[in-house]
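Just so you know, all these numbers are worked out from the coordinates, no wet-lab data involved. Note that the structure is predicted; figures quoted are calculated from it, not measured. Neighbour counts run over all protein chains shown; Cβ positions are idealised from the backbone, glycine included.
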Amino acid sequence: MNKEAVTDSWSREDKGQGDFALLLKHYRKLRNFTLKDLEDASGVSQSYIHRLESGKRTSPTLEKLLQLSKALRIPDSVLISTIIKTSAEDANEERKAKMLSDVLIQNQYYVGGRAISMEAKQLLIQIVEYIADAEWSPKSKMREMYELSELIDQLKKAM
């Protein structure tokens, strides 16, 4: 698939909502929440959260966004800015430090001339988090390199 075809396929999708869905699911899993756990913590029904994460629901209310960000213990702006970006917000956001996972989720980019899919974004996040959490001691290094290579294999297939 050439670069123009990839760009056209991205423009046909709702990029912001895809990023929002991925970001919501990422933070839910990061907190080890099931859909039910997040429902209990936020007051937003698990079926609604599932529809948001799958992209079937595309316009959450501000109230629901605030409930979810509070339950996930992340700044409101993280979820909101993924859906609504203004040039003023973009300028302010560039001055703030961001979590790498947020950058990977919220931005569109190419690697090797190809657009990164949502699956590849998820795998990149897994790889970065795996590296950050690895013990990397003389005893564990070989096992960790093998596990990391397995993640890289999955990433190459997704790309």
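At-a-glance table
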read-out	value
Gain upon complete extension [Gln108, Ala134; 0.36 nm per residue less C-alpha separation]	6.6 nm
Surrounding net charge for Leu151, when Lys and Arg each add one and Asp and Glu each subtract one, Cβ distance under 15 Å	-3
